[in-house]
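Each value in this text was obtained by applying a stated rule to the coordinates, not by laboratory testing. Keep in mind it's a predicted model, so treat the numbers as computed, not measured. So basically every Cβ, Gly included, is an ideal-geometry build from the backbone, and we count neighbours across all protein chains shown.
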Amino acid sequence: MIPVNQPLLDGNEKKYLLECIDTGWISSEGPFIKRFEESFAAQVNRKFGIAVCNGSAALDVAVAALKLGPGDEVILPSFTIISCAASIVRMGAKPVVVDSDPETWNIDISKIENKITSKTKAIMVVHIYGLPVDMDPVLKLAEKHGLKIIEDAAEMHGQTYRGKPCGSFGEISAFSFYPNKHITTGEGGMVVTDDPDLAERCRSLRNLCFQPQRRFVHEELGWNMRMTNLQAALGIAQLERLSFFIDKKRKMGALYSDCLQNIEEIQLPCNQKDYAKSIYWVYGLVIKDFVPFDAQEAMARLAEKGIGTRPFFWPMHEQPVFHKMGLFQNEKLPVAERIARRGFYIPSGLALTEEQIKKTADAVKEIFCNSR
Ligand SMILES: *Cc1c(COP(=O)(O)O)cnc(C)c1O
């Protein structure tokens, strides 16, 4: 079986992990945490980095730090991971969803302004699968309407928008270091910001809102979302390799695109726009409408050939959990609905070999061409 993801851990990971064991520093108090926070923040041109236990926690902390809550609306794409909408709903704010762009699969920026009301407080921008959102028009809208920007850059380590690092836009940005991200700490996440007060709030929220003077007296509720020194050790080793990883991902994407370009049944990922070149967080395919089967069927056929796959995200406005809360009752977002049903991604991990890419591409060709 060719796995859908496998990370590369062949740099200094082992060395730094051994350092943790040898020194006894394994908790969140260890010295790698500060080093990882500072070097990661510097890498994305931010003043502050606050390491947390995963990317979903990073979003929870970001939304809480901005004090979004009951009565507030936050605009986000429907086509994303549940963590985005969950962070908004958990704070008591209302998620307002927007359809996707059929070419890039990112939020359709032409449909944002219609969703802005007097209650809108923020836009959660989510860069999907490898190409960033076209930020300039979104930043302009935010300025015009006085909205905050929360940037979910979980799939964008090392990516830039018009030469500026993803993770450097808006008030606050969130990253994940799950094993399928461009750098991994096993589980892990990071919030980055330039605002010292926001940074302090994030630090407090991740640490149960303990107070420096009277530790066990709390003015606010936080969480224990701390990252361990072990995770930060991995993070530093991975960060050292980031430019190699991005280069490798781009080459993998180019090889896939080359091998798959003549299959008329599928839409390939957008390679580039004038503001960025894809870093192929995952290599996604969307089956065109004239094909008589959907992503589920294609994934089953590929599994029979030993190819691991994953479905695309399922849109937020079609989530049973949100319907039960009375959210998104009559929402219809045709692009998100279509790509959720007809989209899936093929093996995209950093450990993937050229041979595995070619074998995967051949299998994809077979399942479509054999049913012509
Ligand atoms: C992976 C991911 C997250 C969540 O990160 P976890 O570390 O898995 O909690 C959030 N947003 C996006 C866009 C992601 O891809």
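Computed about the Cα centre, the dipole magnitude for the chain is approximately 260 debye when only Lys and Arg (+1) and Asp and Glu (-1) carry charge, each at its Cβ. Remark on Gly186: its backbone amide H falls under 5 Å from none of the residues 5 or more positions apart or on other chains, H modelled at 1.01 Å from N.
Peptides 229-235, 256-262 ranked from most to least packed, by the mean per-residue count of other Cβ atoms within 10 Å: 229-235, 256-262. Between the amide H of Met124 and those of Ile75, Leu76, Ile150, distances stay under 5 Å, these residues lying 5 or more places away or on another chain, with hydrogens modeled in the peptide plane. Highest mean packing first, where packing is the average number of other Cβ atoms within 10 Å per residue, the peptides 332-342, 42-52 line up as 42-52, 332-342. I'd like the antiparallel share, as a percent to the nearest 5, of DSSP beta bridges with both residues in the chain. The antiparallel proportion sits near 60 percent. Highest mean packing first, where packing is the average number of other Cβ atoms within 10 Å per residue, the peptides 155-166, 133-144 line up as 155-166, 133-144. Pairwise Cα separations in the stretch 13-239 fall into 10 Å bins from 0 onward with the following percentages, short to long: 8, 34, 35, 17, 5, 0. Other residues with beta-carbon under 13 Å from the beta-carbon of Ala93 carry, at +1 per Lys or Arg and -1 per Asp or Glu, a net charge of +3.
Out of the stretch 175-242, which GluC sites (Glu not before Pro) are coil in DSSP terms and have no more than 11 other C-beta atoms within 10 Å?
Glu219, Glu220
If you take the alpha carbon atoms of the stretch 243-369 and fit the smallest convex hull around them, that volume is 145 Å³ per residue. Fully extending the segment from Trp223 to Ala303, taken as 0.36 nm per residue of separation minus the present Cα-Cα distance, adds 24.8 nm. Mark the label point 7 Å from the Cα of Asn45 along Cα→Cβ and return the residues of the stretch 115-153 whose backbone N is within less than 14 Å of it. Zone members listed by number: 135-136. When the C-alpha to C-alpha distance is required to be over 23 Å, the pairs from Lys305/Lys365; Lys94/Lys181; Lys47/Lys249; Lys94/Lys273; Lys94/Lys288 that qualify are Lys94/Lys181; Lys47/Lys249; Lys94/Lys273; Lys94/Lys288.
Rounded to whole Å, the principal axis extents of the Cα atoms in the stretch 206-259 read 61, 21, 13, largest first.
Taking only DSSP H segments of four or more residues, each worth -39500 (n - 2.57), what value at 222 nm results for the chain once the sum is divided by all its residues, to the nearest 500 deg cm²/dmol? Value at 222 nm, helices only, nearest 500: -11000 deg cm²/dmol. For the stretch 351-364, the Karplus equation 6.51 cos²θ - 1.76 cosθ + 1.60, evaluated at θ = phi - 60°, returns couplings of 7, 5, 9, 4, 4, 5, 5, 5, 5, 5, 4, 4, 5, 4 Hz by residue, with Gly and Pro reported as x.
Look at the alpha carbon pairs under 8 Å that are at least 6 residues apart: their mean separation over the length of the chain gives a relative contact order of 23 percent. Net length available on complete extension from Lys273 to Glu200 is 22.6 nm, with 0.36 nm assigned per residue and the Cα-Cα distance removed. Full extension of the chain between Asn207 and Asp289 yields a length gain of 24.6 nm, computed as 0.36 nm times the residue separation minus the alpha carbon distance.
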